[in-house]
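What follows is a single structure, written as structure tokens, with notes after it.
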Amino acid sequence: PRSPRGNDEDTDKLYRYLQSFQQSEIDRELDRLLYVALTRAKRKLHLVGSATLNSKGDVSAASSSLLARLWPHVEDAFESVEPLPAIETEITLKTPLAPRREGPLSVSVSRNWPVVPIVETTIDRLARQAREGVLEANIEERCVGLVYHELMRRLAQTDQPAESFYAAIPARLRHYCHPESGLETSQNNVIALVENTLNCKHGRWMLARYAQSGAEQALRRQLGERLQKLVVDRFFVDGDTCWIVDYKTARGSGEAFLANQRERYQEKMQTYRQVIAEATGQENVRAALYFPGCQALVEC
């Protein structure tokens, strides 16, 4: 039999593996965000970054920042500038200690960044290409959907009124690389979707307080030799039934539209049901899609 210490070491290895797996996903998402941001400029591109002096006096960027990914191309520029001088004024101001770049900066970025090769199956490659195609074609709609999901998570976890989050919507849209053109329209679309949810019996039922519930719940399951990550938008136990709800901000209404959406996501929702049942021990698990645009709840 293994000693307790041996079990602790095995547990540590498992957590380190899961942590590295999650960090790889975060890194890929940051790379995607940076790529989208850099390729959306039409006339000019302004990059604002902050670097600091370490204990050795060297200038460096925070390892988790977007600037760190461009650091090999801009390091010399940051090294060559002087800190801003102190300003004599009656108002107390903190003088920035880190160097600030003044004047134009020309940066040449290689098209092919060195990355660790990822073994990709044919199915994964086709799915990735489909996702990237949707991203390029519907960036505004994608941003609206992502921010709506964020607000739904907040509303499920707090008693604050929805209006208290509306002022932050433009910043969140920009975070997902929404172009400045059409920003106000997308902000209004997000607000309309949230208000539709709050004014709908289905929406109020989903966001009600339950003893067992979760929002943006991340789950993992073993799929062959790799782990598959699943994110459940909303789950809760109402009576003896565990409900799983996936939010869909696709535009459309009517029986034909809803039937098409049900068929499209049927397999995915069945997978959610299976994983939730295994994770919670619930016997009665039901899954549904919620469409805030037309205030419809469709069970799968």
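The values are calculated or read from the model by the stated rules, or taken from the named source; none is laboratory data. What you are looking at is a predicted structure, and each value in this text was computed from that prediction instead of being measured. Cβ sites come from the backbone with ideal geometry, for glycine too, and all protein chains shown count toward neighbours. Protein only, heavy atoms only, side chains kept; ligands, DNA and RNA dropped before computing areas. Shrake-Rupley method; radii C 1.70, N 1.55, O 1.52, S 1.80 Å.
Annotation for Gln274 and Arg251: the two label points, set 7 Å from Cα along the Cα-Cβ direction, are 3.6 nm apart.
Taking a straight Cα-Cα cut-off under 17 Å and skipping sequence neighbours fewer than 8 places away in the same chain, the lysines within cross-link reach of Lys201 are Lys248.
When Val231, Val194 are compared by accessible surface with a 1.4 Å probe, the order from highest to lowest is Val231, Val194. A crude spin-label estimate for the pair Asp124 and Glu163, with each label 7 Å from Cα along the Cβ direction, gives 4.8 nm. Here the accessible area is traced with a 1.4 Å probe on the protein chains. For the range 17-83, carbon and sulfur cover 52 percent of it.
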